[in-house]
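All remarks here apply to the structure that follows.
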Amino acid sequence: MTGQVEPHTSRQAPSLHGRSAALAQPLLDVRNLSLSFTTAQGALPVTRNVSFSIAPGERVGLVGESGCGKTVTGLSLLRLLPTQSARIAGDVLFDGTDLLKLSPRRMRAVRGRDIAMIFQEPMSALDPVFTVGDQISEAYRVHFPASKAEGRERAIAALREVGIPAPERRCDEYPHQLSGGMRQRVMIAMALICKPKLLIADEPTTALDVTVQAQITDLLRSLSERTGTALIFITHDLGVVAETCTRMITMYAGEVVEDAPVDDVLTRPRHPYTSGLLRSLPGLSKRRGVLSSIPGRVPSPQSMPAGCRFRSRCAHAVPGCEQEQRMIALTPDHAARCWRTPELELPGAVN
Ligand SMILES: Nc1ncnc2c1ncn2[C@@H]1O[C@H](COP(=O)(O)OP(=O)(O)OP(=O)(O)O)[C@@H](O)[C@H]1O
Ligand code: SF4
Ligand SMILES: [Mg+2]
(Lines give C-alpha, C1' and ligand atoms only; values in the text may rest on other atoms or scores of the structure.)
(Ligands and ions follow the chains in the order given, each with its own letter.)
Protein backbone atom coordinates (compact mmCIF):
# COMPACT_ATOMS: atom_id res chain seq x y z
CA MET A 1 0.00 0.00 0.00
CA THR A 2 1.24 3.43 -0.85
CA GLY A 3 0.44 4.80 2.61
CA GLN A 4 3.04 2.57 4.21
CA VAL A 5 6.60 3.65 4.72
CA GLU A 6 9.60 1.71 3.61
CA PRO A 7 12.96 2.13 5.27
CA HIS A 8 15.79 3.27 3.03
CA THR A 9 18.02 0.36 4.12
CA SER A 10 17.61 -2.25 6.78
CA ARG A 11 20.15 -0.39 8.91
CA GLN A 12 18.10 2.76 8.61
CA ALA A 13 14.96 0.88 9.47
CA PRO A 14 12.70 3.59 10.88
CA SER A 15 9.32 4.16 9.34
CA LEU A 16 6.73 6.82 9.94
CA HIS A 17 4.63 4.26 11.70
CA GLY A 18 7.91 3.70 13.54
CA ARG A 19 7.67 7.39 14.36
CA SER A 20 4.19 6.85 15.75
CA ALA A 21 5.54 4.02 17.84
CA ALA A 22 8.51 6.13 18.91
CA LEU A 23 6.20 8.88 20.13
CA ALA A 24 5.35 7.87 23.70
CA GLN A 25 1.73 8.28 22.72
CA PRO A 26 0.80 10.14 19.57
CA LEU A 27 -2.07 12.52 20.10
CA LEU A 28 -3.22 11.95 16.54
CA ASP A 29 -2.30 8.98 14.41
CA VAL A 30 -3.75 9.11 10.90
CA ARG A 31 -3.37 5.90 8.93
CA ASN A 32 -4.13 5.42 5.26
CA LEU A 33 -6.83 8.06 5.17
CA SER A 34 -8.44 8.03 1.73
CA LEU A 35 -11.29 10.23 0.65
CA SER A 36 -13.47 10.06 -2.41
CA PHE A 37 -16.56 11.96 -3.45
CA THR A 38 -19.54 10.34 -5.10
CA THR A 39 -20.28 12.21 -8.32
CA ALA A 40 -22.58 11.67 -11.31
CA GLN A 41 -19.54 10.15 -13.08
CA GLY A 42 -18.83 7.74 -10.21
CA ALA A 43 -16.40 7.79 -7.26
CA LEU A 44 -13.82 10.56 -7.49
CA PRO A 45 -10.75 9.78 -5.34
CA VAL A 46 -9.38 12.98 -3.82
CA THR A 47 -6.86 11.85 -1.19
CA ARG A 48 -5.03 8.54 -1.00
CA ASN A 49 -3.46 6.75 1.96
CA VAL A 50 -2.65 9.90 3.90
CA SER A 51 -0.66 8.85 6.99
CA PHE A 52 0.98 10.97 9.67
CA SER A 53 1.11 11.31 13.42
CA ILE A 54 1.23 14.27 15.76
CA ALA A 55 2.62 14.36 19.29
CA PRO A 56 0.86 16.26 22.08
CA GLY A 57 1.70 19.96 21.75
CA GLU A 58 3.42 19.53 18.37
CA ARG A 59 2.94 22.22 15.68
CA VAL A 60 2.76 20.82 12.19
CA GLY A 61 2.54 22.78 8.95
CA LEU A 62 0.48 21.11 6.20
CA VAL A 63 1.58 22.61 2.90
CA GLY A 64 1.07 22.19 -0.82
CA GLU A 65 -0.33 24.10 -3.77
CA SER A 66 -4.00 24.74 -4.30
CA GLY A 67 -6.05 21.58 -4.79
CA CYS A 68 -3.53 19.20 -3.17
CA GLY A 69 -6.05 18.07 -0.53
CA LYS A 70 -5.07 20.04 2.59
CA THR A 71 -8.54 21.30 3.47
CA VAL A 72 -10.34 18.04 2.76
CA THR A 73 -7.79 16.24 4.94
CA GLY A 74 -8.52 18.63 7.84
CA LEU A 75 -12.27 18.25 7.31
CA SER A 76 -11.96 14.45 7.06
CA LEU A 77 -10.27 14.30 10.47
CA LEU A 78 -13.26 16.05 12.02
CA ARG A 79 -15.82 14.33 9.78
CA LEU A 80 -17.08 17.67 8.58
CA LEU A 81 -17.58 16.65 4.95
CA PRO A 82 -21.07 16.02 3.56
CA THR A 83 -22.02 12.49 4.58
CA GLN A 84 -24.08 11.90 1.41
CA SER A 85 -21.15 12.32 -0.95
CA ALA A 86 -17.90 11.90 1.00
CA ARG A 87 -16.50 8.41 1.50
CA ILE A 88 -13.69 8.24 4.03
CA ALA A 89 -11.56 5.14 4.63
CA GLY A 90 -8.64 4.53 7.00
CA ASP A 91 -8.08 5.24 10.70
CA VAL A 92 -7.99 8.54 12.56
CA LEU A 93 -6.76 7.59 16.02
CA PHE A 94 -7.12 10.45 18.45
CA ASP A 95 -5.85 9.62 21.94
CA GLY A 96 -6.19 6.00 20.84
CA THR A 97 -9.86 6.28 19.74
CA ASP A 98 -10.75 5.93 16.06
CA LEU A 99 -12.79 9.04 15.27
CA LEU A 100 -14.13 7.47 12.08
CA LYS A 101 -15.90 4.84 14.18
CA LEU A 102 -17.55 7.18 16.69
CA SER A 103 -21.29 7.73 16.69
CA PRO A 104 -22.38 11.15 15.40
CA ARG A 105 -23.23 12.14 18.99
CA ARG A 106 -19.80 11.23 20.37
CA MET A 107 -18.15 12.91 17.39
CA ARG A 108 -20.01 16.14 18.20
CA ALA A 109 -18.60 15.93 21.72
CA VAL A 110 -15.06 15.70 20.31
CA ARG A 111 -15.52 18.67 17.97
CA GLY A 112 -14.87 21.93 19.73
CA ARG A 113 -13.92 20.27 23.00
CA ASP A 114 -10.95 18.05 22.05
CA ILE A 115 -10.29 19.21 18.50
CA ALA A 116 -11.19 22.64 17.18
CA MET A 117 -10.89 24.06 13.68
CA ILE A 118 -10.64 27.62 12.41
CA PHE A 119 -11.00 28.75 8.82
CA GLN A 120 -9.83 31.43 6.44
CA GLU A 121 -12.92 33.62 6.63
CA PRO A 122 -14.05 34.27 10.21
CA MET A 123 -17.15 36.21 9.16
CA SER A 124 -18.68 33.11 7.62
CA ALA A 125 -18.16 31.16 10.84
CA LEU A 126 -19.58 33.85 13.15
CA ASP A 127 -23.30 34.44 13.53
CA PRO A 128 -24.08 38.10 12.74
CA VAL A 129 -27.09 38.26 15.08
CA PHE A 130 -25.32 37.30 18.33
CA THR A 131 -22.66 39.21 20.23
CA VAL A 132 -19.18 37.74 20.13
CA GLY A 133 -19.37 37.22 23.91
CA ASP A 134 -22.53 35.12 23.55
CA GLN A 135 -20.94 33.04 20.80
CA ILE A 136 -17.75 32.35 22.75
CA SER A 137 -19.74 31.62 25.90
CA GLU A 138 -21.99 29.22 23.99
CA ALA A 139 -18.98 27.36 22.58
CA TYR A 140 -18.04 26.66 26.21
CA ARG A 141 -21.49 25.92 27.59
CA VAL A 142 -22.27 23.38 24.89
CA HIS A 143 -19.56 21.16 26.40
CA PHE A 144 -19.44 22.17 30.08
CA PRO A 145 -22.17 23.01 32.60
CA ALA A 146 -21.89 26.73 33.34
CA SER A 147 -24.26 29.58 34.11
CA LYS A 148 -24.63 32.48 31.68
CA ALA A 149 -22.65 34.65 34.08
CA GLU A 150 -19.78 32.16 34.20
CA GLY A 151 -19.90 31.81 30.42
CA ARG A 152 -19.55 35.55 30.07
CA GLU A 153 -16.62 35.64 32.51
CA ARG A 154 -14.90 32.93 30.51
CA ALA A 155 -15.59 34.74 27.23
CA ILE A 156 -14.03 37.92 28.59
CA ALA A 157 -10.97 36.00 29.82
CA ALA A 158 -10.68 34.29 26.43
CA LEU A 159 -10.86 37.63 24.58
CA ARG A 160 -8.14 38.97 26.87
CA GLU A 161 -6.02 35.86 26.20
CA VAL A 162 -6.12 36.47 22.44
CA GLY A 163 -5.05 40.09 22.87
CA ILE A 164 -8.33 41.94 22.34
CA PRO A 165 -8.22 45.27 24.18
CA ALA A 166 -11.16 46.25 26.44
CA PRO A 167 -12.60 42.70 26.38
CA GLU A 168 -15.52 43.63 28.69
CA ARG A 169 -16.76 46.06 26.04
CA ARG A 170 -15.89 43.96 22.99
CA CYS A 171 -17.75 41.04 24.51
CA ASP A 172 -21.04 42.84 23.89
CA GLU A 173 -20.27 43.81 20.29
CA TYR A 174 -21.47 42.10 17.14
CA PRO A 175 -19.09 40.58 14.55
CA HIS A 176 -19.64 43.41 12.05
CA GLN A 177 -18.34 45.90 14.62
CA LEU A 178 -14.92 44.24 14.62
CA SER A 179 -12.06 44.38 12.10
CA GLY A 180 -11.06 41.22 10.18
CA GLY A 181 -8.08 40.66 12.48
CA MET A 182 -10.26 41.07 15.59
CA ARG A 183 -12.79 38.62 14.18
CA GLN A 184 -10.08 36.05 13.61
CA ARG A 185 -8.94 36.59 17.21
CA VAL A 186 -12.54 35.96 18.30
CA MET A 187 -12.55 32.73 16.30
CA ILE A 188 -9.33 31.68 18.01
CA ALA A 189 -10.81 32.55 21.41
CA MET A 190 -13.86 30.46 20.56
CA ALA A 191 -11.74 27.58 19.30
CA LEU A 192 -9.56 27.53 22.40
CA ILE A 193 -12.18 28.20 25.09
CA CYS A 194 -12.57 24.48 25.87
CA LYS A 195 -8.78 24.01 25.90
CA PRO A 196 -8.73 21.48 23.03
CA LYS A 197 -5.76 19.19 22.60
CA LEU A 198 -5.59 19.93 18.88
CA LEU A 199 -6.37 23.00 16.80
CA ILE A 200 -6.63 22.74 13.01
CA ALA A 201 -6.11 26.18 11.47
CA ASP A 202 -6.93 26.25 7.74
CA GLU A 203 -5.30 29.30 6.11
CA PRO A 204 -6.33 31.39 9.12
CA THR A 205 -4.54 34.51 7.92
CA THR A 206 -5.13 34.53 4.16
CA ALA A 207 -8.01 37.01 4.30
CA LEU A 208 -6.04 39.48 6.47
CA ASP A 209 -3.56 42.18 5.61
CA VAL A 210 0.12 41.41 6.00
CA THR A 211 0.76 43.03 9.39
CA VAL A 212 -2.30 41.40 10.90
CA GLN A 213 -1.29 38.06 9.36
CA ALA A 214 1.97 38.16 11.29
CA GLN A 215 0.18 39.05 14.53
CA ILE A 216 -2.30 36.17 14.20
CA THR A 217 0.46 33.70 13.32
CA ASP A 218 2.48 34.80 16.35
CA LEU A 219 -0.62 34.53 18.51
CA LEU A 220 -1.30 30.95 17.39
CA ARG A 221 2.29 29.94 18.08
CA SER A 222 2.42 31.55 21.52
CA LEU A 223 -0.98 30.14 22.55
CA SER A 224 0.10 26.69 21.45
CA GLU A 225 3.34 27.02 23.42
CA ARG A 226 1.55 28.31 26.49
CA THR A 227 -1.39 25.91 26.55
CA GLY A 228 0.19 22.80 25.02
CA THR A 229 -2.48 22.67 22.30
CA ALA A 230 -1.11 20.86 19.25
CA LEU A 231 -1.53 22.70 15.96
CA ILE A 232 -2.08 21.66 12.36
CA PHE A 233 -1.39 24.82 10.38
CA ILE A 234 -2.69 24.51 6.82
CA THR A 235 -1.02 27.09 4.61
CA HIS A 236 0.55 27.94 1.26
CA ASP A 237 3.12 30.04 3.08
CA LEU A 238 6.24 28.06 3.91
CA GLY A 239 7.67 31.10 5.68
CA VAL A 240 4.85 30.85 8.22
CA VAL A 241 5.64 27.18 8.71
CA ALA A 242 9.32 27.99 9.25
CA GLU A 243 8.42 30.48 11.97
CA THR A 244 5.54 28.66 13.62
CA CYS A 245 5.90 24.92 13.26
CA THR A 246 8.26 22.18 14.33
CA ARG A 247 7.36 19.78 11.55
CA MET A 248 6.17 20.08 7.98
CA ILE A 249 4.04 17.71 5.95
CA THR A 250 3.94 18.33 2.20
CA MET A 251 0.93 17.16 0.22
CA TYR A 252 0.85 16.79 -3.54
CA ALA A 253 -2.16 15.69 -5.60
CA GLY A 254 -3.93 14.09 -2.64
CA GLU A 255 -0.92 12.30 -1.16
CA VAL A 256 1.62 13.08 1.53
CA VAL A 257 4.94 13.30 -0.30
CA GLU A 258 7.23 14.45 2.52
CA ASP A 259 7.12 14.49 6.31
CA ALA A 260 10.01 15.99 8.24
CA PRO A 261 11.17 18.28 11.05
CA VAL A 262 11.09 21.86 9.78
CA ASP A 263 14.79 22.47 10.39
CA ASP A 264 15.73 19.40 8.33
CA VAL A 265 13.39 20.05 5.45
CA LEU A 266 14.34 23.70 5.07
CA THR A 267 17.98 22.85 4.62
CA ARG A 268 17.64 19.45 3.00
CA PRO A 269 14.29 18.61 1.43
CA ARG A 270 14.13 15.03 0.21
CA HIS A 271 11.28 15.29 -2.31
CA PRO A 272 11.66 17.30 -5.53
CA TYR A 273 8.24 18.90 -4.99
CA THR A 274 9.10 20.23 -1.53
CA SER A 275 12.40 21.45 -2.90
CA GLY A 276 10.54 23.30 -5.66
CA LEU A 277 8.20 24.93 -3.13
CA LEU A 278 11.14 25.99 -0.97
CA ARG A 279 13.11 27.37 -3.89
CA SER A 280 10.14 29.55 -4.79
CA LEU A 281 10.34 31.34 -1.43
CA PRO A 282 11.59 34.88 -1.88
CA GLY A 283 13.71 34.51 1.27
CA LEU A 284 12.67 33.38 4.69
CA SER A 285 13.64 36.70 6.21
CA LYS A 286 11.26 38.54 3.86
CA ARG A 287 8.90 35.62 3.78
CA ARG A 288 5.29 36.63 2.93
CA GLY A 289 3.85 35.90 -0.47
CA VAL A 290 4.85 32.57 -1.90
CA LEU A 291 5.39 32.44 -5.64
CA SER A 292 5.32 29.04 -7.21
CA SER A 293 8.11 28.64 -9.69
CA ILE A 294 7.43 24.99 -10.44
CA PRO A 295 6.35 24.68 -14.06
CA GLY A 296 3.06 22.94 -14.74
CA ARG A 297 0.00 22.36 -12.59
CA VAL A 298 -1.31 19.98 -9.97
CA PRO A 299 -3.27 17.24 -11.79
CA SER A 300 -6.98 17.22 -11.04
CA PRO A 301 -8.62 14.22 -9.34
CA GLN A 302 -10.34 13.48 -12.69
CA SER A 303 -7.03 13.04 -14.50
CA MET A 304 -4.65 11.63 -11.92
CA PRO A 305 -1.62 10.00 -13.58
CA ALA A 306 -0.46 6.53 -12.60
CA GLY A 307 2.88 6.20 -10.82
CA CYS A 308 4.54 9.25 -9.29
CA ARG A 309 1.93 11.98 -9.45
CA PHE A 310 4.61 14.69 -9.65
CA ARG A 311 6.31 13.08 -12.65
CA SER A 312 5.21 15.49 -15.37
CA ARG A 313 6.66 18.44 -13.41
CA CYS A 314 9.74 16.81 -11.97
CA ALA A 315 13.19 17.74 -13.29
CA HIS A 316 14.56 14.47 -11.85
CA ALA A 317 12.08 12.11 -13.52
CA VAL A 318 13.63 9.02 -15.10
CA PRO A 319 12.28 5.69 -16.34
CA GLY A 320 11.05 3.94 -13.20
CA CYS A 321 9.15 6.97 -11.92
CA GLU A 322 6.02 5.68 -13.64
CA GLN A 323 5.84 3.08 -10.83
CA GLU A 324 3.66 3.72 -7.76
CA GLN A 325 5.74 5.49 -5.11
CA ARG A 326 5.92 4.65 -1.42
CA MET A 327 7.13 6.79 1.45
CA ILE A 328 10.81 6.04 2.07
CA ALA A 329 12.23 6.89 5.50
CA LEU A 330 15.67 8.51 5.48
CA THR A 331 15.78 8.99 9.26
CA PRO A 332 13.33 8.08 12.03
CA ASP A 333 11.34 11.25 11.35
CA HIS A 334 12.07 12.24 7.77
CA ALA A 335 10.42 10.41 4.87
CA ALA A 336 9.67 11.19 1.23
CA ARG A 337 7.54 9.58 -1.47
CA CYS A 338 10.24 9.22 -4.12
CA TRP A 339 12.32 6.16 -4.93
CA ARG A 340 15.24 8.41 -5.93
CA THR A 341 15.32 10.23 -2.61
CA PRO A 342 18.44 8.48 -1.25
CA GLU A 343 20.55 9.64 -4.24
CA LEU A 344 19.12 13.11 -4.95
CA GLU A 345 20.81 16.25 -3.66
CA LEU A 346 17.98 18.76 -3.59
CA PRO A 347 18.30 22.45 -2.77
CA GLY A 348 16.34 23.83 0.16
CA ALA A 349 15.50 27.36 1.26
CA VAL A 350 18.54 27.84 3.48
CA ASN A 351 21.86 26.82 1.97
N1 LIG B 1 -17.20 18.62 -2.17
C2 LIG B 1 -16.33 18.27 -3.11
N3 LIG B 1 -16.69 17.50 -4.18
C4 LIG B 1 -15.80 17.13 -5.14
N5 LIG B 1 -14.49 17.45 -5.11
C6 LIG B 1 -14.07 18.22 -4.10
C7 LIG B 1 -14.94 18.68 -3.05
N8 LIG B 1 -14.21 19.41 -2.15
C9 LIG B 1 -12.95 19.40 -2.63
N10 LIG B 1 -12.86 18.71 -3.79
C11 LIG B 1 -11.65 18.50 -4.59
O12 LIG B 1 -10.65 17.95 -3.74
C13 LIG B 1 -9.37 18.40 -4.11
C14 LIG B 1 -8.67 18.92 -2.89
O15 LIG B 1 -9.32 20.11 -2.48
P16 LIG B 1 -8.87 20.94 -1.20
O17 LIG B 1 -9.88 22.01 -1.01
O18 LIG B 1 -8.63 20.04 -0.05
O19 LIG B 1 -7.48 21.55 -1.66
P20 LIG B 1 -6.50 22.50 -0.84
O21 LIG B 1 -5.17 21.81 -0.82
O22 LIG B 1 -7.09 22.84 0.47
O23 LIG B 1 -6.41 23.77 -1.80
P24 LIG B 1 -6.36 25.34 -1.43
O25 LIG B 1 -4.93 25.59 -1.10
O26 LIG B 1 -6.80 26.02 -2.68
O27 LIG B 1 -7.27 25.60 -0.28
C28 LIG B 1 -9.57 19.44 -5.20
O29 LIG B 1 -9.31 18.84 -6.45
C30 LIG B 1 -11.01 19.81 -5.06
O31 LIG B 1 -11.56 20.19 -6.31
S1 SF4 C 1 9.64 9.45 -8.25
FE2 SF4 C 1 10.70 10.35 -10.03
S3 SF4 C 1 9.25 11.85 -10.85
FE4 SF4 C 1 8.58 11.36 -8.77
S5 SF4 C 1 9.53 12.89 -7.48
FE6 SF4 C 1 10.91 11.14 -7.50
S7 SF4 C 1 12.36 11.58 -9.17
FE8 SF4 C 1 10.59 12.95 -9.44
MG1 LIG D 1 -7.80 24.61 1.29
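Can you tell me how many residues within segment 49-96 are assigned to a strand (DSSP E or B), within 12 Å of ligand 1 (Cβ to nearest atom) and surrounded by fewer than 18 Cβ atoms within 10 Å (Cβ to Cβ)?
Summing the residues that are assigned to a strand (DSSP E or B), within 12 Å of ligand 1 (Cβ to nearest atom) and surrounded by fewer than 18 Cβ atoms within 10 Å (Cβ to Cβ) in segment 49-96 gives 2.
Test of understanding: among 10, 20, which residue is at pLDDT 65 or above, outside any strand (DSSP E or B) and closer than 26 Å to residue 342 by Cα?
20
Within segment 309-351, track down each residue that is among the aliphatic types (A, V, I, L, M) and without any contact (Cβ under 8 Å) to a residue 40 or more places away in the chain.
Answer for segment 309-351, where residues must be among the aliphatic types (A, V, I, L, M) and without any contact (Cβ under 8 Å) to a residue 40 or more places away in the chain: 317, 318.
Can you give me the number of residues within segment 139-167 that are closer than 27 Å to residue 221 by Cβ and of a type outside the set (A, V, I, L, M)?
Going through segment 139-167 one residue at a time, the tally reaches 10.
Write out, first by first residue and then by second, each pair whose Cβ atoms fall under 7 Å of each other, whose residues are 6+ apart or on separate chains, and whose first residue, in segment 64-79, is closer than 18 Å to residue 32 by Cβ while the second is among the aromatic types (Phe, Trp, Tyr) and within 16 Å of ligand 2 (Cβ to nearest atom).
68/252
Could you tell me whether any residue of segment 144-154 is within 16 Å of ligand 3 (Cβ to nearest atom) and modelled with pLDDT of 95 or more?
no
Restricting to segment 236-268, what's the tally of residues that are modelled with pLDDT of 95 or more and either among the small types (Gly, Ala, Ser) or in contact with a Cys (Cβ under 9 Å, 6 or more places away or on another chain) (or both)?
Adding up the residues that qualify gives 10.
Go through segment 155-169 residue by residue and tally those that are assigned to a loop (DSSP other than H, G, I, E, B) and touching a residue at least 60 places away in the same chain (Cβ under 8 Å).
Number of matching residues: 1.
Would you check if there is a residue in segment 246-254 being of a type in the set (Ser, Thr, Tyr), away from ligand 1 (no atom under 16 Å from the Cβ) and either crowded, with 23+ Cβ neighbours inside 10 Å or not assigned by TED's automatic domain parsing to the domain that holds residue 299 (or both)?
Looking for residues that are of a type in the set (Ser, Thr, Tyr), away from ligand 1 (no atom under 16 Å from the Cβ) and either crowded, with 23+ Cβ neighbours inside 10 Å or not assigned by TED's automatic domain parsing to the domain that holds residue 299 (or both), one finds none in segment 246-254, hence no.
Which residues, taken from segment 102-142, are buried (at least 17 other Cβ atoms within 10 Å of the Cβ) and aromatic (Phe, Trp, Tyr)?
Hits for segment 102-142 are 119, 140.
I need a count of the residues in segment 205-218 that are surrounded by fewer than 19 Cβ atoms within 10 Å (Cβ to Cβ), under 17 Å from the mean Cα position of the chain (by Cα) and under 15 Å from residue 162 (Cβ atoms).
The qualifying residues number 1.
The values are calculated or read from the model by the stated rules, or taken from the named source; none is laboratory data. Worth saying up front: this structure is predicted, and the values here are computed from it rather than measured. Virtual Cβ from ideal backbone geometry, glycine too; neighbours counted across all protein chains shown.
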